[in-house]
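Novice: One structure, as structure tokens, below. Some questions next.
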Amino acid sequence: MSTEPTHYVVSLGSELIYFVMTFFVVTLAVRFIGPLIGRPRTPWRGAALFGFVIAAIGWLIGA
């Protein structure tokens, strides 16, 4: 039986869920909201990179 506390596992899981959710929301927003405000559509690569950067910053602040 392991003697390590299990709250680390739960914390890592919730942080991962927040990271993935933030990544998807920001990526889709950058990709599809731009044309609604008169900007050209951002390529998937740029939208995904920006989403990853924002999610990583959120993860670092939360960690």
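Novice: Sorting Arg31, Arg39, Arg45 by accessible area (1.4 Å probe), largest first, what list results?
Specialist: Largest accessible area first, the list is Arg45, Arg39, Arg31.
Novice: By the scheme Lys and Arg +1, Asp and Glu -1, what is the net charge of all other residues having a beta-carbon under 13 Å from that of Phe32?
Specialist: For residues surrounding Phe32, the net value is +3.
Novice: Considering only protein heavy atoms, what is the solvent-accessible area of Val30 at a probe of 1.4 Å, reported in Å² to the nearest 10?
Specialist: 40 Å²
Novice: Quickly work out the Phe24-to-Arg45 label distance, labels modelled 7 Å from Cα along the C-beta direction, and quote it in nm with one decimal.
Specialist: In this crude label model, Arg45 to Phe24 measures out at 2.5 nm.
Novice: A further question follows. Any idea how far apart Glu15 and Leu60 come out in nm if each label point goes 7 Å out from Cα toward Cβ?
Specialist: About 1.4 nm, to one decimal.
The values are calculated or read from the model by the stated rules, or taken from the named source; none is laboratory data. This structure is a prediction, so every number in the text was calculated from the model and none was measured. With ideal geometry, Cβ positions are generated from the backbone for all residues, glycine too; neighbour counts draw on all protein chains shown. Calculation scope for accessible area: heavy atoms of the full protein, side chains included, ligands and nucleic acids excluded. Shrake-Rupley method; radii C 1.70, N 1.55, O 1.52, S 1.80 Å.
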